[in-house]
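Contents: one structure, followed by commentary.
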Amino acid sequence: MKILVIQQKMIGDVLTSSILFSLLRESFPNATLHYLINSHTLPVVENHPDIDNFQIITPNIEKSSALFFSFLKNIQKENYNVVIDVYSTFSSNLITLFSGAKTKISKHKWYTSFLYTHTFKESKVPVSNAGLAIENRIKLLQPLGIKEILKYPQPKIHLKKDEIETAKKMLLEFKINLSSPLFMISILGSDKTKTYPLQYMAELIDFIVAETKGALLFNYIPNQIEDVKKIISFCKPETKKHIHLHVFGKNLREFIALTSHCNALIGNEGGAINMAKAIDKPTFSIFSPWILKEAWNIFEDGTRNDSIHLKDVKPELFTDTSPKQIKKQHQKLYVAFTPELIKPKLKAFLSSI
């Protein structure tokens with residue numbers, strides 16, 4: 001049996017969907033398992049023991065109709081028996097169609113369901129602490145006879161020993177004491193609609209340092225540096241002494257390896273939070289007001305992994321409001337999400353770890 005799983009989207013999505021391979025390998029030990037992803041997401045699933053091969057979509061393929069058609073022809077030559085299309089986008093619809101697979105599985109969308117042999121409507125209420133993002137993905141395996149899950153698998157990132165050791169050497173070279181608290185801060189979201197207000201974030205950073213006296217590393221990409229510097233400018237002078245802005249992962253694997261030496265990752269919910277969980281590091285995440293917490297609070301237990309959403313503390317702001325309206329109002333809602341609402345839960349988290 002030859003199976004293709006398609007997950008074209010963000011890093012967190014690609015990492016989360018990788019759990020399907022553990023379940024597929026367990027049920028079909030001799031199957032050939034391929035993962036179709038975008039090139040920038042490869043680092044989070046690199047070295048995965050249950051993935052036999054990657055089908056990579058590069059930016060050039062996305063931009064060129066000719067290159068994409070050539071990619072489709074190569075998919076056709078693979079002769080897949082099963083395609084599992086996690087999100088059902090226009091691009092993945094075409095890939096599924098060209099695959100020629102006898103069994104084609106995806107989430108239910110009324111306008112694309114005819115392309116698939118099996119579709120599933122997503123649940124809205126989780127039945128475990130695995131979260132909807134995990135539970136809804138596992139539904140996609142039911143047509144293959146994988147229905148009873150005794151224990152939900154957690155996404156895992158597989159770091160090499162030399163990557164971990166290189167990160168340790170970097171930290172020691174910059175005189176960071178690894179016997180003292182060290183925190184990775186997810187200081188900015190992937191865009192402004194997922195970024196906790198900068199001045200508010202500075203206040204939380206002040207709070208973390210006051211509570212722990214720990215050293216801080218920041219997770220960001222180079223084009224975000226001005227916003228990062230702005231946040232630091234809002235911090236107290238004493239806090240600034242604990243920030244090591246110069247210690248920075250130049251790529252995703254370096255960031256993950258650096259995080260492996262931290263006591264926890266704290267900050268904006270997103271891919272960084274998912275990556276920290278996947279290397280078994282405690283996390284505390286601040287959800288954007290428009291993101292569904294039930295979907296992405298994966299494997300939270302209220303202590304080692306915890307999160308907070310504005311809806312948790314001010315549910316009245318979400319009464320009779322559609323998701324689209326919430327997203328449009330994200331700035332106003334973020335203003336209402338003051339640090340004082342977060343500090344009690346954050347303090348409990350810091351005490352627990």
task = Take residue 219 and decide whether it is among the polar types (S, T, N, Q) and closer than 26 Å to residue 343 by Cβ.
result = yes
request  = Please find, among 164, 187, 205, the residue that is modelled with pLDDT of 95 or more, surrounded by fewer than 18 Cβ atoms within 10 Å (Cβ to Cβ) and within 24 Å of the chain's Cα centre (by Cα).
outcome  = 164
note = residue 295 vs (1) aliphatic (A, V, I, L, M); (2) at pLDDT 90 or above; (3) touching a helix residue (DSSP H, G or I) at 6+ places or on another chain (Cβ under 7 Å); (4) not in a loop (DSSP other than H, G, I, E, B): all pass except (2)
ask   = From 47, 79, which residue is within 20 Å of the chain's Cα centre (by Cα) and loosely packed, with under 14 Cβ neighbours inside 10 Å?
value = 47
note = Among (1) touching a residue at least 24 places away in the same chain (Cβ under 8 Å); (2) closer than 30 Å to residue 324 by Cα; (3) not in a loop (DSSP other than H, G, I, E, B), residue 226 falls short only on (1)
request  = State which residue pairs qualify: first residue in the same structural domain as residue 285 (by TED's automatic domain parsing) and farther than 9 Å from residue 290 by Cα and inside the range 316-337, second residue among the basic types (Lys, Arg) and surrounded by 14 or more Cβ atoms within 10 Å (Cβ to Cβ) in any location, beta carbons under 7 Å apart, and separation of 6 or more residues or different chains.
outcome  = 318/311; 336/314
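Quick grid of which residues meet (1) touching a residue at least 24 places away in the same chain (Cβ under 8 Å); (2) under 20 Å from the mean Cα position of the chain (by Cα); (3) in the same structural domain as residue 254 (by TED's automatic domain parsing); (4) part of a helix (DSSP H, G or I):
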position: 91; (1), (2), (3), (4): yes, no, no, yes
position: 97; (1), (2), (3), (4): no, no, no, yes
position: 123; (1), (2), (3), (4): no, yes, no, no
position: 127; (1), (2), (3), (4): no, no, no, no
position: 137; (1), (2), (3), (4): yes, yes, no, yes
position: 152; (1), (2), (3), (4): yes, yes, no, no
query = Looking at (1) touching a strand residue (DSSP E or B) at 6+ places or on another chain (Cβ under 8 Å); (2) outside any loop (DSSP other than H, G, I, E, B), which is the only condition residue 253 fails?
reply = (1)
remark   = residue 147: passes all of (1) more than 24 Å from the chain's Cα centre (by Cα); (2) surrounded by fewer than 19 Cβ atoms within 10 Å (Cβ to Cβ); (3) part of a helix (DSSP H, G or I) but (3)
Residue count, the range 299-315 (criterion: more than 18 Å from residue 153 (Cβ to Cβ) and assigned to a loop (DSSP other than H, G, I, E, B)) = 4
ask   = What about residue 308, is it modelled with pLDDT under 95 and among the aliphatic types (A, V, I, L, M)?
value = no
request  = Give 241, 236, 250 a once-over and let me know the one that is under 27 Å from residue 46 (Cβ atoms), of a type in the set (Lys, Arg) and surrounded by fewer than 21 Cβ atoms within 10 Å (Cβ to Cβ).
outcome  = 250
task = Name the single residue, out of those in the range 100-115 being buried (at least 16 other Cβ atoms within 10 Å of the Cβ) and either under 19 Å from residue 2 (Cβ atoms) or outside the structural domain of residue 6 (by TED's automatic domain parsing) (or both), that is nearest to the chain's Cα centre (by Cα).
result = 106
inquiry  = Would you confirm whether or not the range 65-84 contains a residue that is touching a helix residue (DSSP H, G or I) at 6+ places or on another chain (Cβ under 8 Å) and under 23 Å from residue 295 (Cβ atoms)?
reply    = yes
task = Hey, could you check the range 1-26 for residues that are out of contact with any helix residue (DSSP H, G or I) (no Cβ under 7 Å at 6 or more places or on another chain) and of a type outside the set (A, V, I, L, M) and say which is surrounded by the fewest Cβ atoms within 10 Å (Cβ to Cβ)?
result = 26
task = Pull up the range 219-231, narrow it to residues that are surrounded by fewer than 18 Cβ atoms within 10 Å (Cβ to Cβ) and of a type in the set (A, V, I, L, M), then point me to the one that is farthest from residue 274 (Cα to Cα).
result = 225
remark   = Counting only residues in the range 263-292 that are part of a loop (DSSP other than H, G, I, E, B) and either out of contact with any Ser or Thr (no Cβ under 7 Å at 6 or more places or on another chain) or not assigned by TED's automatic domain parsing to the domain that holds residue 202 (or both), the one surrounded by the fewest Cβ atoms within 10 Å (Cβ to Cβ) is identified as 280
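The values are calculated or read from the model by the stated rules, or taken from the named source; none is laboratory data. All figures in this text were calculated on a predicted structure; none of them were measured in a lab. So basically every Cβ, Gly included, is an ideal-geometry build from the backbone, and we count neighbours across all protein chains shown.
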